[in-house]
1. With a ≥ b ≥ c taken as the square roots of the eigenvalues of the C-alpha gyration tensor of region 126-205, please select rounded if a/c is under 1.5 and otherwise prolate if a/b is larger than b/c or oblate if it is not?
2. Using only protein heavy atoms and a 1.4 Å probe, report how much of His182 is accessible, in Å² to the nearest 10.
3. Roughly speaking, to the nearest percent, how much of region 101-163's 1.4 Å accessible area is carbon and sulfur?
4. Which order do the peptides 282-293, 308-319 take when ranked by the mean count of other beta-carbon atoms within 10 Å per residue, highest first?
5. Roughly how many whole Å is it from the C-alpha centroid of region 530-579 to that of region 583-603?
6. Got a sec to turn the phi values of region 191-200 into Karplus ³J(HN,Hα) couplings, 6.51 cos²θ - 1.76 cosθ + 1.60 with θ = phi - 60°, whole Hz, x for Gly and Pro?
7. With θ set to phi - 60°, apply the Karplus curve 6.51 cos²θ - 1.76 cosθ + 1.60 along region 557-572 and write out the HN-Hα couplings as whole Hz, x wherever there is a Gly or Pro.
8. Can you list the residues, at least 5 places off or on another chain, whose amide H is less than 5 Å from the amide H of Arg455, using H built in the peptide plane?
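The values are calculated or read from the model by the stated rules, or taken from the named source; none is laboratory data. Keep in mind that this is a model prediction, so the values were computed, not measured. No Cβ is skipped: glycine too gets one built from the backbone with ideal geometry, and neighbour counts run over all protein chains shown. Ligands, DNA and RNA are stripped out before the accessible areas are found, and what is left, the full protein with its side chains, is counted by its heavy atoms. Shrake-Rupley method; radii C 1.70, N 1.55, O 1.52, S 1.80 Å.
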Amino acid sequence: MQVTERSRASHVVVLLAAMLSAGAGCKEGNFLARDGSAEASTPRGDGSTDRDAGGGGIDGGDEDPDGSTPPDGDGGGSGTDMFRPRPDAGPLAPPTAMLAPGEEVAVGPVLVTADQADISGPIMITAEAAPLPMPLPDGFVEAGENLEISVDDQDAVVAPLTIRRSYDPSLVPEGEPPVVLHYDDETGYTPATILAHDPVTATVTFQTRGFSHFPTAARPAPAPAPFRAPEFDVAMDTFSHVNVGGGPTNGNCFGMSAFSAWYWGARRRTPALPRLAGRFTPAVERVLAIRAQIEVQGVWNQVGVRHMPLDGDDVRLLKMDLSQFGPVVFGMRATFDYGGGPLTGGHAMLVYGYDDTAFFAYDPNLPGTEVRIPYDASGVSSTIPGVATEAIYAIEGTSSMVPPGAYDRLLADAEGGFTAGVGLTLTSPIEGEMLDSRTVQVTGTFASSLPAPSRAMVFVWGTFFDLNTTHPSFAGLVPALAGDTRMYVIVAPTDTQARFLARDSAVLEVNVSNAAPPAELMTMLTWDQNQSDMDLYVVAPDERAIWNGLPWSDLGNRPLDDSDGYGPEFITISSADTAGPPYVVQNGRYAIRVHLFRNDRGPGVRLNGRVFIAGGEGTPNLRTAVCSFSIAEARTDNVQPDDVGNDWVDVAWVDIEGAPAAPRIARIVSGARAGTSMPGGPRVIWLCQGADEVVSLF
């Protein structure tokens with residue numbers, strides 16, 4: 001098997017280095033919903049199972065009559081007893097260390113990396129060798145010391161951390177990665193997500209969001225064929241409703257797949273639980289799907305860069321894991337066609353079995369239907385009949401998905417009918433309201449029974465928009481695209497990072513429509529401080545610019561200048577807009593830039609901004625992305641669209657093709673810049689959620 005680095009978007013420097021050296025792009029992905037809209041990226045749940053006295057494994061399937069045993073070997077490497085983070089490091093690092101956002105630290109026998117967005121603040125992490133908490137599943141052979149890894153604040157871990165450890169190559173078939181298992185008192189052992197395997201140094205890199213014991217092991221062989229997860233029925237053990245575009249993530253396919261896997265495991269542990277399909281009312285099931293998606297949204301934003309073809313060895317390993325641990329969530333990028341025309345983007349399905357020619361999968365876009373993903377000796381097919389072509393995949397380990405107890409709490413809330421939402425009252429917008437602008441004012445109150453302090457936010461188009469909250473009232477602006485918009489208003493305590501699933505949080509769904517003409521490209525700038533002035537610029541392929549310093553032109557609408565803080569400022573390019581001169585959509589690359597004109601908050605005070613990008617409104621080719629940045633230096637004499645300096649941010653580039661007949665966004669390229677010396681520290685642009693590629697601006 002070709003050993004491949006499975007890098008991740010969250011480590012900006014590593015990702016950019018790989019892209020610049022190999023010419024590779026990254027795709028954080030747009031999920032696809034059944035109605036043809038693109039779904040902004042997310043991954044999977046705990047496909048846990050009953051464990052036998054041997055520590056794991058499930059029943060199901062027959063012996064493979066002709067399965068071959070992987071070759072023995074020492075891995076071809078020079079493994080050491082335990083991994084040293086650096087060759088000259090000498091003794092192991094201290095077993096406990098502080099890990100801050102954006103840092104990498106050596107802790108005992110492991111190296112731990114946290115992206116800026118992976119943890120909400122510094123945490124203490126401990127890693128040391130420990131006895132196995134229970135025997136490994138039948139057939140698994142321990143291939144390195146069991147490590148017990150813990151953190152002092154689980155709620156602060158909002159996305160998986162990356163961990164590198166050593167293993168014993170003499171106990172693993174040559175060239176094959178070991179499996180890293182995660183132990184849970186309730187579910188037993190489940191596999192973590194493997195990012196990289198280096199047989200030369202005998203190290204393996206994995207991700208996890210839950211912390212406990214982590215042994216490495218060689219898998220048993222052969223896998224049974226055929227196999228189906230016991231008691232799993234795609235018509236009974238998944239969501240009844242179809243995944244719907246236009247929701248807060250433009251679709252909830254990853255959360256629906258993850259929760260279905262977790263619920264199957266919960267039924268295995270508690271047989272009295274009813275089947276998932278039809279258990280809840282349609283309204284409760286919809287909220288259940290969105291909250292399942294929200295919980296894994298931060299994880300999904302990392303999945304896109306792990307998409308890759310799966311070869312024959314991957315098929316063999318996947319069969320082993322399916323037969324031992326149960327359903328596995330597939331993230332995928334492909335060109336999909338559910339009858340509304342082809343659309344390229346990201347999606348997720350739940351794989352729960354296989355026969356000699358195909359894997360069986362639940363597709364949230366096709367509820368109750370068994371989808372077959374073909375494979376052969378060369379690997380998994382890039383064509384899924386009737387669903388997709390040009391598919392590449394990402395396999396997610398269960399412990400990477402949801403923190404301990406999160407889906408248990410969510411299930412309890414659903415069983416109670418999400419009654420906390422009863423205490424949430426919206427005064428604007430009203431359900432079904434027809435809008436006539438690019439924003440919607442969200443205002444309301446929440447019950448005094450919710451704890452103080454609480455914060456209100458809206459989850460829409462794949463991202464969160466914080467509202468100004470003064471207990472018990474809230475207000476704020478969020479984007480409203482042309483056509484239908486489904487948004488979720490959430491009020492939750494501010495003292496917990498797991499605020500979306502807190503038992504005392506409130507969630508309310510509201511649907512609105514917008515009569516604005518659909519735009520081929522829409523950009524919206526907001527920022528977090530008053531007494532400041534940011535300006536939005538869009539530079540067209542012909543190098544002319546749209547900004548508030550120019551009169552109306554055929555490029556697009558001139559933004560209204562918000563000079564006292566917060567925004568929003570809009571630039572829209574719509575060939576259907578008749579409010580000004582006829583707008584001409586150009587083929588080529590549009591550059592999206594932001595300039596800090598004034599910062600009266602004080603020298604070096606950093607302003608945090610975001611640009612929301614949308615295109616293809618009202619078509620199956622809807623694309624969205626959200627780009628965040630931070631900036632402190634302002635200048636009033638450096639305002640021309642081609643100026644540069646620390647007062648400028650190159651946010652993203654958007655490629656348009658198909659104009660004038662059928663223009664669409666073909667590609668979104670994100671900027672990433674860090675380390676520029678300036679008052680208040682460096683200016684930083686993190687990856688745009690929903691981008692196809694990242695370009696270094698270092």
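1. Numbers: a/c = 1.87, a/b = 1.32, b/c = 1.42.
Oblate, because a/c is 1.5 or more while a/b does not exceed b/c.
2. In the full protein context, His182 sits at about 20 Å².
3. Details: 1110 of 2270 Å².
Its accessible area is 49 percent carbon and sulfur atoms.
4. Working: 282-293: 21.4, 308-319: 18.4.
Sorting 282-293, 308-319 by mean packing, highest first, produces 282-293, 308-319.
5. Distance between centres, Cα-based: 8 Å.
6. Taking θ as phi minus 60°, the curve returns x, 8, 7, 8, 9, 8, 9, 10, x, 5 Hz for region 191-200.
7. Working through the residues one at a time gives 6, 6, x, 6, 7, 9, 9, 10, x, 6, x, x, 10, 10, 10, 10 Hz.
8. Amide H neighbours of Arg455, under 5 Å, 5+ apart: Ala492, Thr494.
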